[in-house]
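Computed from the coordinates by the stated procedures, all read-outs in this text should not be read as laboratory data. This structure is a prediction, so every number in the text was calculated from the model and none was measured. Methodologically, a virtual Cβ is constructed for each residue, glycine included, from the backbone with ideal geometry; neighbour enumeration extends over all protein chains shown.
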Number of protein chains: 2
Amino acid sequence: MISRQKLLEAAAAVFAESGFRGATTRRIAEAAGVNEVTLFRLFGSKQQLMAEAFECVHPLLGNSLPDEPSADVEKELVAWATAHLDGMRQVRHMIRKTMAELEEHPEMTEFVCDAKTPYFQQLVSYATLLRRPATAAEREETRTACTMLSSALFADALGRDVVPTAYPSPPNTAARKYVKVFLKLLGIAPARPRRRVALGTGRAR
Amino acid sequence: MISRQKLLEAAAAVFAESGFRGATTRRIAEAAGVNEVTLFRLFGSKQQLMAEAFECVHPLLGNSLPDEPSADVEKELVAWATAHLDGMRQVRHMIRKTMAELEEHPEMTEFVCDAKTPYFQQLVSYATLLRRPATAAEREETRTACTMLSSALFADALGRDVVPTAYPSPPNTAARKYVKVFLKLLGIAPARPRRRVALGTGRAR
DNA sequence: CGTTGATGCAAGCACGTACTTGCTTGAATC
DNA sequence: GATTCAAGCAAGTACGTGCTTGCATCAACG
């Protein structure tokens, strides 16, 4: 039964490298170190192998935002954005291939869509709790800010190695920059320059 | 010589629909209404046909930002962003396919990169003239804001029809929203709610 | 020991794809 | 009217690709 797992992983890897058409059953079998016939015996067809292979990649993408903002909002958001960005960077080849082949393989839509949507919704909820927008305009501005943060992470993950000039911040600090700008948009001042309350070294008066 | 042009256009169209591997010489010739043999007589090989086809798509993407910001900055930026977004939306299939096949066809990199880079550089120059950032931090923040605006347009063009939930603003007003947020980031107040000077309906005192 | 079940190997089938060859047509040019 | 030249058509070649078949191997389990 170990051949199954090896084939699934190889299928995902070869697909990420060459897309559906380029991921031939010969290449997948070779990458898995398994005979091509075994592939068909275990999965019946290439279609079905690929379909199963997609299920296994899902849970790779970063972690979740907490339901309630904590004391150090910036730290929390930076951690989330960094993890999210790193996760997307790791599977960027897969995402690029998937997005390119949506018309030919519509069943892949859910792979991208289901993975992305909850992250965006989480961010909107979080931002709404942070800012508590009152007017409709403020609510819309908040949503737009979320779209822009989410877009920045998406575009950075997919575009940095293609158009590096459009991403001047170094890769490891980019997420922090995006979050800072996002917080400024929401009117949340950065934690650093604000007063520190009752820490051991606090000066008297 | 008209067959040449028809083949070039058909090649670009079929490539945008199905990628390099999917764009078979049969399909291209059929789409062009030309015999397949003619394709090889005129271009020698599929590779060469595709290479020439790419040259013709370049100049499609929107217009330029002026060198100097004019009086109505918001209007100017909205017009630019809208045109840029529309242009990218029109060729989004092509961009998606190209980005997915960069590893296999590295010569396409310049197609994406050369098209994108100048737009970003223009935006940075424009924003720098607008805000005149003094400190290094301000300069970096300005660049990050430019990355985020440019990322928002990019992600909207490529992602809206895939993950619509992440783009709550309707397609025709989205560019305006992004620009407004961008201007707020730069500390440029929107033109509307500020004092209006010497307009007919201005109230006395 | 004999059976079973997963896997490997060699070969092949049917079809699609890039590309070629040889011949015909038909309109423009001298 | 003879020549030329782009284009069509039919057929074919060599190879890649999804998938099948028949048989051998080999470890696990009763």
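Using only the alpha carbon atoms of region A:6-111, find the Kirkwood hydrodynamic radius as the inverse mean reciprocal pair distance, in angstroms to one decimal. Hydrodynamic radius (Kirkwood, Cα only) of region A:6-111 equals 15.3 Å.
Calculate, in nm to one decimal, what A:Arg26 and A:Glu140 gain on full extension: separation in residues at 0.36 nm each, minus their alpha carbon distance. Write out the running numbers ahead of the final one.
Values: separation 114, 0.36 × 114 = 41.04 nm, distance 5.10 nm.
Full-extension gain reported as 35.9 nm.
With the helix formula -39500 (n - 2.57) applied to DSSP H stretches of n ≥ 4, chain B reaches a computed 222 nm mean residue ellipticity of -21500 deg cm²/dmol. Normalised by the number of residues in region B:58-185, the mean separation of alpha-carbon contacts (under 8 Å, six or more apart) gives a relative contact order of 34 percent. Taking other C-beta atoms within 10 angstrom as a stand-in for reagent exposure, B:Thr82, B:Thr109 fall in the order B:Thr109, B:Thr82, fewest first. A full extension of the chain between A:Lys75 and A:Glu55 corresponds to an added length of 4.0 nm, given 0.36 nm per residue minus the alpha carbon distance. Between A:Glu107 and A:Gln90, full extension at 0.36 nm per residue minus the direct alpha carbon distance yields a gain of 3.9 nm. Relative contact order for region A:1-99: 31 percent, from Cα pairs under 8 Å spaced at least 6 residues apart, divided by residue count. Normalised by the number of residues in region B:2-55, the mean separation of alpha-carbon contacts (under 8 Å, six or more apart) gives a relative contact order of 43 percent.
Look at where the Cα atoms of region A:115-147 and of region A:1-70 average out, and the two centres are 34 Å apart.
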